[in-house]
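Novice: Sharing a structure below in structure tokens format, with a few things to ask.
The values are calculated or read from the model by the stated rules, or taken from the named source; none is laboratory data. On a predicted model such as this, the values are computed, not experimentally measured, just so you know. Using ideal geometry, Cβ is built from the backbone for each residue, glycine included, and neighbour counts are taken over all protein chains shown.
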Amino acid sequence: MLRAWLHRLASSFRRQRIDAELDEEIHTHLELLAEDFERQGMTPEDARRAAYRSFGGVEQVRERHREARGIPWLDSIQRDVRLAARTLAKERGFTLTAVLTLTIGIGANAAMVSVVDAVLLRPLPYPEEEEVVTLALQRSGMRVPARFSEAGYRFFREENRSFQELGVYASTQRPLIGSGEPMQASVGLMSNSAFAVLSMSPVLGRLPSDDEDLPAGPTVAVLSHDLWSRRFGSDPEVLGRTIELNDTTREVIGVMPPQFGFPSQGIDVWVPTQLDPSSTDVRLSSYHLVARLRSDATPESASSEAGRLIQRLPEVGHAQGLLSSVLSGEASVITLKEDVVGESRSLLLVVMGAVSLVLLIALANLSTLFIVRGEERAPQQAVRATLGASRTRLAQHALSEALLLAIAGGVGGLLVAAAGTRGLVGLAPPSVPRLDGVNINRLVLGYTLAVSLAAGVVFALLPAWRARSTRRLLPDLSRVGRNATAGPGRLRLRGALVSTEVALAVMLVIGSGLMVRSYSKLRAVDPGFDSENVITFGLILPATRYENEDAAEFYLRLVERLRALPRVESAGVTTGLPVTPVQANYRMDIEDFPDGSDVFVVRWVTPGYFEAMGIPIASGRTMLTEDVEEFRLFIGASLAEQYWSTSSAVGKRMGPGGIWADIVGVVGDERIRGLDVPVEGGAYVPIGVPFSPSVLSVSVVVRTSDAVADLLPPLRREVGLLDPELPLINVRSMEEVIANSYAVSRTTFAALLLVVAATVALLLGGIGIYGVIAYAVSRRTSEIGIRMALGATAAQVWSRVVGAELLPVAIGIGLGLAAAALGSRVMASLLFETSPLDPATLFSGPLAFLLVATAAAAVPAARALRIDPVSALRSE
Amino acid sequence: MSRIHGDVPYGTLDLMILKTLHARGPLHGFGLAREIEQVAENLIQLNQGSIYPALVRLHQQGWIKADWGVSDSNRRAKFYSLSPTGRKQLGIEVENWKRTSLVVGRFLAMES
């Protein structure tokens, strides 16, 4: 039995050879028969005829031979597929439209699925990662990480009942020296308890010991996998070597695995916090909490406990003022994954939503196309049914055609996705985490397959559903002349599809409008400096040849030379560019406020920086060359406002650890961390004063009188004259710095993708409307002809034929508006100073679609009005 | 089993082919058809072509073998012969046939 089936299966795939063999056998047989008859005395002609007679029908033998040897359904599938391929090849326009539409729709979606999978869905690398949480505060709709003092951390650690383990971490930037050029390293400060929470072992060496996390303990460092391979050539002998981190010599004791990126990917080195376990220090630090939930605790229960503990912080000496400012808001324990992914989630989901809408529009469009095609074919189908084709046979044929198209679209979609993921990763804002894991995996393949098959089945079923009974098929014979008016049922389904399509497109247009509005609002934010005609580049002075003190002199000489260049207006040097989220924070005491010690962004700059950046001097004076002799301070206007709102800040004193510096100038606030981050006060210290950390790695800013394209060679020359071996790093305009900053790049990305999606949606919608109306006009040519012959005016014809088809468009616009009003809330977190219900956008979105719809309808409508009654009737 | 055999009694063509191959040794399609016609004389009307679907079925069951060879008149032709399992099957079929005809005979001999 099995043997017979294997034969049948094999012969299904070798049919051509078997057919040829059978033909040869039949041929020989007939020849031999004919010879026999000839021997009996017949003429060759008679003998041949007699041979055929006695053999029986050759074609029947062939057919029964096939039936006997093959697997009927497999053969019929093969036949269907071949027939479908032939039909589709003939209808090239239809096939191309369908496959291309599917390719784009499925491709864009598959690409987004792979990005969403890598960024949002895959778990973090830590064991039992769902237990790892962090503490944030919900404050007026924003989520900010909670910051603690050392005493506050100790209190939380001792008093909580929700966590197995609880640690603190912070991240900052510090210059790193050792094994190669000095660099600005991203440093993760981690308590040993934080390492314990994450429970990840190093790939090389060990984690810090308990002593090493005590004040004045041995100073050690754990390297990131990336830094280890970049800077130490993945040398296993790296353990025991030393690096200089912010002038502290640290022994390398371990290397973390590549997937360990805490608190964010891109941290180069981790060092212990070395907090005093019995610290009573209640000054605010920049430490955040990371913890592992007990099995009996939930994020909700932990949140309410954390809220109660924060209220009890005064027990360890916290000032009430702190609770009302820094720790105000609702305590909320969230999983670390939510924290890592958080900001990117809404971005990716909105983009994913947009491409899903495009796919839905594409599917609705193609469904209409299939239905129209099905209607055109109905008479032909009816003829086939009358001639005895079974309903199953007809359905099978339709299904194989639709599936063939869908699979072609799916394959094309995968190719688009493979290219698209690369494009998306390249285009995505730098802040989106975990993009290195984006690939076409089983999930993406499964998704593509599922969408393709579903699309195929829907396309096949829609027309089949219309022709769902032979009873309904038969009357279609009367319409072989294809000039009857479509029945109301047909119109209803097609109208529903058009409405859906229009509604989705209107939603997308509104969504993209909101993003574009956010983008323009964000770009309108005053960054606090004038980015026009400013060029910036990085310099790193090698520690082997420069001392920190030499650096200041080098920068001053460089700035002087640069300023002497033609068309250069001013130049300066800074340790940190604005609109950059990671900045170096330092603690300073404030003389007027004995308890008012604060942590804020401090940057070391040369004279000329404020001028080069175009930062206005609010009060006091600008930085002068002699300021490098003495420790003096310049502060941002909002810092001055925070502490000296009623008097002038100039002349007051601030400084680290009891060393006081005069505030000699108050300058305009820069948007230090980004255009969307509220203004915060920062301080500037002249490079070269004592007590500065390493300033060997800096950015140079140069303002020119106009947009200078060829400034780079003279800049290089001037740097080279001072030190021929010094490269210019990352030369950019300040405009580019802003464009690549977090909020701007994110908004640009979302706006760009949404505009592309909305444009595609408009196009597809326009094509859909054009197709439907053009079809209606062509079908009703004779009806229009009769109406016009009977005296109908152009306006009447218009409203009868075109107006009827435009009704679903109007319904769709209404639905789209309502859906956008409800749905745009999900975009709220991506929007910048733009309401999801922005009236101008809600109004102009549908308007844009109406324009497209009118344009799409105008062409076939004009054709309807040009119909000549006589020739229309003659075409019967 | 085959459905339509023209005037050949239902289900008997397979048996005829097997038996002919058993008695005459390897034969090509034409030879086989001629042998069957000669044995049956004019008692049945055989469409010679109808043996081919039967042959492919018997081949799939593994009861006959098919090899390309050269005919008496020097033509390339496919020669069919009985396989060992076919020989066994022939025995079974013959037994079945005898039993069937015995039973049918008894019914026909029934007196009213």
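Novice: Given the condition in a strand (DSSP E or B), within 38 Å of the chain's Cα centre (by Cα) and in the same structural domain as A:SER303 (by TED's automatic domain parsing), answer yes or no: does some residue in the stretch A:225-241 qualify? Can you show your working first?
Specialist: First pass over the stretch A:225-241, keeping only residues in a strand (DSSP E or B): none.
No, because not a single residue in the stretch A:225-241 is in a strand (DSSP E or B), within 38 Å of the chain's Cα centre (by Cα) and in the same structural domain as A:SER303 (by TED's automatic domain parsing).
Novice: Residues being assigned to a helix (DSSP H, G or I), over 26 Å from A:LEU366 (Cα atoms) and within 11 Å of the chain's Cα centre (by Cα): count how many of those fall in the stretch A:415-464.
Specialist: Residues that pass the stated criteria total 6.
Novice: Same structure again: What about B:ARG87, is it more than 13 Å from every other protein chain (Cβ to nearest Cβ) and surrounded by 12 or more Cβ atoms within 10 Å (Cβ to Cβ)? Please lay out each step first, then the result.
Specialist: Values: more than 13 Å from every other protein chain (Cβ to nearest Cβ): yes; surrounded by 12 or more Cβ atoms within 10 Å (Cβ to Cβ): yes.
When the stated conditions are applied, B:ARG87 passes them.
Novice: Among the residues of the stretch A:549-588, count how many are outside any helix (DSSP H, G or I) and touching an Asp or Glu at 6+ places or on another chain (Cβ under 6 Å).
Specialist: 2
Novice: Further question on the same structure: Looking at this structure, is A:GLY674 outside any strand (DSSP E or B), modelled with pLDDT of 85 or more, crowded, with 16+ Cβ neighbours inside 10 Å and under 32 Å from the mean Cα position of the chain (by Cα)?
Specialist: In short, yes.
Novice: In this structure, is A:ALA34 over 18 Å from B:SER50 (Cβ atoms), more than 12 Å from chain B (Cβ to nearest Cβ) and either surrounded by 15 or more Cβ atoms within 10 Å (Cβ to Cβ) or among the hydrophobic types (A, V, I, L, M, F, W, C) (or both)?
Specialist: Values: over 18 Å from B:SER50 (Cβ atoms): yes; more than 12 Å from chain B (Cβ to nearest Cβ): no; either surrounded by 15 or more Cβ atoms within 10 Å (Cβ to Cβ) or among the hydrophobic types (A, V, I, L, M, F, W, C) (or both): yes.
Against the criterion (over 18 Å from B:SER50 (Cβ atoms), more than 12 Å from chain B (Cβ to nearest Cβ) and either surrounded by 15 or more Cβ atoms within 10 Å (Cβ to Cβ) or among the hydrophobic types (A, V, I, L, M, F, W, C) (or both)), A:ALA34 does not qualify.
Novice: Residues that are in contact with a Leu (Cβ under 9 Å, 6 or more places away or on another chain), part of a helix (DSSP H, G or I), modelled with pLDDT of 80 or more and at the interface with chain B (Cβ under 9 Å from one of its Cβ atoms): does the stretch A:85-92 have at least one?
Specialist: no
Novice: Which of the residues that make up the stretch B:41-78 are under 15 Å from B:PHE30 (Cα atoms), in a loop (DSSP other than H, G, I, E, B) and facing chain A (nearest Cβ under 9 Å)?
Specialist: Passing the criteria: B:LEU46, B:ASN47, B:SER71, B:SER73, B:ARG75.
Novice: Residues that are assigned by TED's automatic domain parsing to the domain that holds A:LEU556 and more than 12 Å from A:TYR684 (Cα to Cα), at least 3 per element: which strands (runs of 3 or more DSSP E) completely within the stretch A:612-669 meet that?
Specialist: Details: elements: A:617-620, A:632-636, A:653-655, A:661-667.
Counting at least 3 such residues, we get A:617-620.
Novice: Would you mind stating whether A:ARG122 is at pLDDT below 90 and within 14 Å of chain B (Cβ to nearest Cβ)?
Specialist: no
Novice: Tell me, please, whether a residue that is of a type in the set (A, V, I, L, M), assigned to a helix (DSSP H, G or I), more than 30 Å from A:VAL525 (Cα to Cα) and not assigned by TED's automatic domain parsing to the domain that holds A:ALA378 can be found in the stretch A:830-849.
Specialist: Looking for residues that are of a type in the set (A, V, I, L, M), assigned to a helix (DSSP H, G or I), more than 30 Å from A:VAL525 (Cα to Cα) and not assigned by TED's automatic domain parsing to the domain that holds A:ALA378, one finds none in the stretch A:830-849, hence no.
Novice: While we're looking at this one, here's another question. For residues in the stretch A:725-762 being out of contact with any helix residue (DSSP H, G or I) (no Cβ under 8 Å at 6 or more places or on another chain), among the aliphatic types (A, V, I, L, M) and modelled with pLDDT under 90, which is farthest from A:LEU522 (Cα to Cα)?
Specialist: A:ILE729
Novice: Working only within the stretch A:181-224, note down all residues that are hydrophobic (A, V, I, L, M, F, W, C) and part of a loop (DSSP other than H, G, I, E, B).
Specialist: A:MET200, A:VAL203, A:LEU207, A:LEU214, A:ALA216
Novice: Against the conditions (1) surrounded by fewer than 12 Cβ atoms within 10 Å (Cβ to Cβ); (2) at the interface with another protein chain (Cβ under 9 Å from one of its Cβ atoms); (3) at pLDDT 85 or above, where does A:GLU45 fall short? Just the number, please.
Specialist: (2)
Novice: Looking at A:ARG17 and the list (1) among the basic types (Lys, Arg); (2) within 14 Å of chain B (Cβ to nearest Cβ); (3) surrounded by 15 or more Cβ atoms within 10 Å (Cβ to Cβ), which single condition is not satisfied?
Specialist: The number of the failed condition is (3).
Novice: Within the stretch A:515-563, which residues are of a type in the set (A, V, I, L, M) and either in contact with a Cys (Cβ under 8 Å, 6 or more places away or on another chain) or under 30 Å from A:GLU244 (Cα atoms) (or both)? Explain how you work it out, then say what you get.
Specialist: Of the stretch A:515-563, the ones of a type in the set (A, V, I, L, M) are A:515-516, A:522, A:524-525, A:534-535, A:539-541, A:543, A:551-552, A:556, A:558-559, A:562.
Answer for the stretch A:515-563, where residues must be of a type in the set (A, V, I, L, M) and either in contact with a Cys (Cβ under 8 Å, 6 or more places away or on another chain) or under 30 Å from A:GLU244 (Cα atoms) (or both): A:LEU539, A:ILE540, A:LEU541, A:ALA543, A:ALA551, A:ALA552, A:LEU556, A:LEU558, A:VAL559.
Novice: Let me ask something else about it. Confirm whether A:PHE554 is within 30 Å of A:THR834 (Cβ to Cβ), of a type in the set (Phe, Trp, Tyr), surrounded by 15 or more Cβ atoms within 10 Å (Cβ to Cβ) and more than 29 Å from the chain's Cα centre (by Cα).
Specialist: no
Novice: If I filter the stretch A:530-545 for residues that are at pLDDT 90 or above, at positive phi and in contact with a strand residue (DSSP E or B) (Cβ under 7 Å, 6 or more places away or on another chain), do I get at least one hit?
Specialist: yes
Novice: Under 8 Å between Cβ atoms, at least 6 apart or on separate chains: pull out the pairs that start in the stretch A:814-828 with a residue that is over 19 Å from A:LEU349 (Cα atoms) and at pLDDT below 85 and end on any residue that is among the basic types (Lys, Arg) and not in a helix (DSSP H, G or I).
Specialist: Once the first residue is over 19 Å from A:LEU349 (Cα atoms) and at pLDDT below 85 and sits in the stretch A:814-828, no partner that is among the basic types (Lys, Arg) and not in a helix (DSSP H, G or I) comes close enough.
Novice: From the residues in the stretch A:51-71 that are within 13 Å of A:ILE18 (Cα to Cα) and more than 7 Å from chain B (Cβ to nearest Cβ), which one is surrounded by the most Cβ atoms within 10 Å (Cβ to Cβ)?
Specialist: A:GLY70
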